[in-house]
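The values are calculated or read from the model by the stated rules, or taken from the named source; none is laboratory data. Keep in mind that this is a model prediction, so the values were computed, not measured. Note: accessible area is taken over every heavy atom of the protein model, side chains too, but ligands, DNA and RNA are not part of it. Shrake-Rupley method; radii C 1.70, N 1.55, O 1.52, S 1.80 Å.
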Amino acid sequence: AVAFRDVEEEEENIDELAAERDLVLLAIVGLEDPLRPEVPAAIRACEQAGITVRMITGDNEGTAISIAKKCGILPNREMDE
């Protein structure tokens, strides 16, 4: 998130908690770390070799599902049911 608030000159040495009060929200920012182009082919090669690919992530469920679909770990049809 990006936010601001006006600061008076006498607030120059304000503590961190006080600095985070009464903020005006300007924007919420989202970032995407794009999949490297070689990942889907590497996943397919592993599966063709008999290796079951598993993904471990700290992302939330929706993000994890999206990444797994994009790289071919999770076929689209499994999540459409």
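Backbone phi angles across the range 19-31, fed through the Karplus curve with coefficients 6.51, -1.76 and 1.60 (θ = phi - 60°), yield HN-Hα couplings of 5, 9, 8, 6, 7, 9, 6, 9, 6, 10, 10, x, 10 Hz in residue order; Gly and Pro are listed as x.
In the chain, helices alone account for a calculated mean residue ellipticity at 222 nm of -9500 deg cm²/dmol, with every DSSP H run of four or more residues adding -39,500 (n - 2.57). Axis angle, to the nearest 10 degrees, between helix 39-48 and the longest C-alpha principal axis of the chain: 30 degrees. Overall, the accessible surface of the chain at a probe of 1.4 angstrom is composed of carbon and sulfur to the extent of 51 percent. Note on the chain: the C-alpha convex hull projects to 9.1 nm² when averaged across all orientations. Counting only protein heavy atoms and a 1.4 Å probe, the chain has 87 square angstrom of accessible area per residue. Residues considered: Ile65, Ile14, Ile43. Largest GNM mean-square fluctuation over the chain, using C-alpha springs under 10 Å, is found at Ile14. Between Ala19, Ala64, Ala41, the Gaussian network model of the chain with springs among Cα atoms under 10 angstrom shows the greatest mean-square fluctuation at Ala19.
Phi angles of the range 61-75 translate, via the Karplus equation with coefficients 6.51, -1.76, 1.60 and θ = phi - 60°, into HN-Hα couplings of 4, x, 5, 4, 4, 4, 5, 4, 5, 5, 9, x, 6, 10, x Hz per residue; Gly and Pro are given as x.
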